[in-house]
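Input: a single structure, listed below in structure tokens.
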Amino acid sequence: MFRTLLISILAVVAVSIPAAATSAPNATLTGVVGPGFNISLKNADGTGVNHLDPGTYDITVTDNAIDHNFHLGGPGVDQATAVEGMGTFTWTVTITDGTYTFVCDAHPTQMKGSFTAGNVPPPPPPPPPAGKLSGKVTTKAITLTNGGSKVRSLTAKKYKITVADTSKTQNFHLSGPGLNRKTSVAAKAKATWTVTLKPGKYTYRSDKSRKLRGTFTVKAAA
């Protein structure tokens, strides 16, 4: 009977040890700062961290610059690399409900990011980057291009328009819903306008020539 009992105990131990050894590993995150003015925190699949479930995480941070650092802070967490140092570090942190930030302490307004965890909703997505357009007017032609192609239709959002007015007798005049921007007729000029284009029809023209004229439409974003 004693032998039977001993065998039973050993069987239980044999089953229990592998069960403990196969507990799930911590989720992993990757942080990078430098060498330029960039800082990021990413999930294991390479996507940026916007929201996490509460739990324990292993964070590998690569600090590539002696003038930047990676500082992670939030409820129960305050971990940072040295501004004057470089290297790769691994932190094991416990994330709870709340908002967390990661910044460079030397450049906190330029190099920063944040994410939420638990019951705190994720932050809204950032606005789409401004599109880039090029306008040009000469004594004989006027153009508005997007990546080298004539603008015919655009999506409503913010755009940065670089205008080259190469004529002292013409100008570049852009108008449409909520917009009326132009260069001077009497002088050559270079200008950069940051504008928000709304749904509707827009016209670019010279105020001194009816022949120098173009139009395009702006559609609402999906």
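The values are calculated or read from the model by the stated rules, or taken from the named source; none is laboratory data. Owing to the predicted nature of the structure, the values given are computational and were not obtained by experimental measurement. Counting neighbours? That spans all protein chains shown, and the Cβs are built from the backbone with ideal geometry, glycine included.
In segment 41-59, of all residues being in a loop (DSSP other than H, G, I, E, B) and among the β-branched types (Val, Ile, Thr), the one that is farthest from residue 72 (Cα to Cα) corresponds to 47. Of the candidates 116, 99, 62, 145, the single residue that is farther than 20 Å from residue 42 by Cα and in a strand (DSSP E or B) is 145.
Sub-8 Å Cβ pairs linking a first residue in segment 103-129 that is loosely packed, with under 10 Cβ neighbours inside 10 Å to a second residue that is outside any loop (DSSP other than H, G, I, E, B) and at pLDDT 85 or above, at least 6 apart or interchain, are 121/51; 127/157; 127/158, ordered by first then second residue.
Every residue, every condition in (1) modelled with pLDDT under 95; (2) under 30 Å from residue 91 (Cβ atoms), yes or no:
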site	(1), (2)
2	yes, no
7	yes, no
20	yes, yes
50	yes, yes
56	no, yes
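Total residues in segment 67-82 satisfying the condition of being touching an Asp or Glu at 6+ places or on another chain (Cβ under 6 Å) and either touching a residue at least 40 places away in the same chain (Cβ under 8 Å) or farther than 26 Å from residue 118 by Cα (or both): the figure is 2. Here residue 112 clears all of (1) closer than 23 Å to residue 198 by Cα; (2) charged (D, E, K, R); (3) not assigned by TED's automatic domain parsing to the domain that holds residue 185 except the condition numbered (1). Once segment 170-202 is narrowed to residues that are aromatic (Phe, Trp, Tyr) and under 30 Å from the mean Cα position of the chain (by Cα), the residue that is surrounded by the most Cβ atoms within 10 Å (Cβ to Cβ) is 202. Looking only at residues that are in a loop (DSSP other than H, G, I, E, B) and among the β-branched types (Val, Ile, Thr) in segment 65-90, which one is nearest to residue 30 (Cα to Cα)? Taking the candidates together, the pick is 81.
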